[in-house]
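Heads up: the structure comes next, in structure tokens.
The values are calculated or read from the model by the stated rules, or taken from the named source; none is laboratory data. Not measured: the values here are computed from a predicted model. Neighbour counts are summed over all protein chains in view; Cβ atoms, including those assigned to glycine, are modelled from backbone coordinates with ideal geometry. Please note that ligands, DNA and RNA were not included when accessible areas were found on the heavy atoms of the full protein model with its side chains. Shrake-Rupley method; radii C 1.70, N 1.55, O 1.52, S 1.80 Å.
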Amino acid sequence: LSDRARLLLVQVRRPDDPLIEHELECMAARLAGCGVDVYPRNVVVGDIPAQILREYDFFVVGGSGDFSVHHPRSAHWVSQLRGLYDSALTLQIPSFGICFGHQVLGKHFGSEVRTGSEGAEAGTVKLQLTPEGRDDAIFSTLGASFGAHTGHSDYVVETPPGLELLAKNAHLDTQVFRVQGAPFYSTQFHPDLQAGEARYRYELFARAKAEKSHTTDSAPTINFDSGEDSISGLLARFVRHFSG
């Protein structure tokens, strides 16, 4: 029997989305050397029963360029994800939500999720740890202020009861959550991406958006700073911490 840990990566993507493989490759790259194998499942393609988490040691929900947590067309798979979140919390499985996964966690605990420029970000942004973040075993190693790669137009409005806020910035308060009493974290930014990968994903999304709206406008120049790529070690630190 293999002594390698098993990580369930739940994706939220159209079956023809070219970023399905990119997301999986980036996740595997971030966790190389951690003794963990990544197993993907796409909740948009098929139902994922909550009890499946009993087969895994770690649970991650990734981002989604096409869907919003609050949109009616997402209701079925958001319901599926919330069932998985309940199972993860009951089983105390180390879990991590990224971007869309972060927004699902905020919604699950009672916050509204909105779409709007007032909470949108793209590129490398600076974040500051809260006192809770500075005391956290995983996030404290980032320093009081750190950079991270992000790209989103949806955002969690507030930190609801049951979640602790670990990081924020001047543009958006709700950047990083930790569930009280459980090994469950989430980030609005993308610790699964280095700068070049984040730029590739942003440009692909912008190009698809322009084609859909039948415009020839080029995507605005967004800064993704490779000098902040150390943030991509966060997921490995998370896995190693909970691997004992």
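Of the numbered conditions (1) surrounded by 14 or more Cβ atoms within 10 Å (Cβ to Cβ); (2) farther than 16 Å from T124 by Cβ; (3) modelled with pLDDT under 95; (4) of a type outside the set (A, V, I, L, M), Y202 satisfies every one except a single condition; which is it?
(2)
Of (1) open to solvent by less than 10 Å² (accessible area, probe 1.4 Å); (2) closer than 28 Å to E203 by Cα; (3) part of a helix (DSSP H, G or I); (4) not aromatic (F, W, Y), L24 satisfies all except one. Which?
Going through (1) open to solvent by less than 10 Å² (accessible area, probe 1.4 Å); (2) closer than 28 Å to E203 by Cα; (3) part of a helix (DSSP H, G or I); (4) not aromatic (F, W, Y) one by one, L24 breaks only (1).
Do we have T124 as out of contact with any Leu (no Cβ under 8 Å at 6 or more places or on another chain) and either free of Cβ contacts under 8 Å to residues at least 60 places away in the same chain or surrounded by 18 or more Cβ atoms within 10 Å (Cβ to Cβ) (or both) here?
Answer is yes for this residue.
May I ask you to verify whether L81 is assigned to a strand (DSSP E or B) and either buried (at least 22 other Cβ atoms within 10 Å of the Cβ) or of a type in the set (S, T, N, Q) (or both)?
So L81 fails the test.
Return yes or no: is F59 farther than 20 Å from L234 by Cβ, in contact with a Ser or Thr (Cβ under 7 Å, 6 or more places away or on another chain) and not aliphatic (A, V, I, L, M)? If you could, list the steps in order and put the result at the bottom.
Values: farther than 20 Å from L234 by Cβ: no; in contact with a Ser or Thr (Cβ under 7 Å, 6 or more places away or on another chain): yes; not aliphatic (A, V, I, L, M): yes.
Against the criterion (farther than 20 Å from L234 by Cβ, in contact with a Ser or Thr (Cβ under 7 Å, 6 or more places away or on another chain) and not aliphatic (A, V, I, L, M)), F59 does not qualify.
Residue pairs, Cβ under 6 Å, 6 or more apart or interchain, first in the stretch 44-57 and more than 20 Å from A5 (Cβ to Cβ), second open to solvent by 30 Å² or more (accessible area, probe 1.4 Å) and part of a loop (DSSP other than H, G, I, E, B). List them.
Taking only residues 6 or more apart or on different chains, the pairs are V45/P15.
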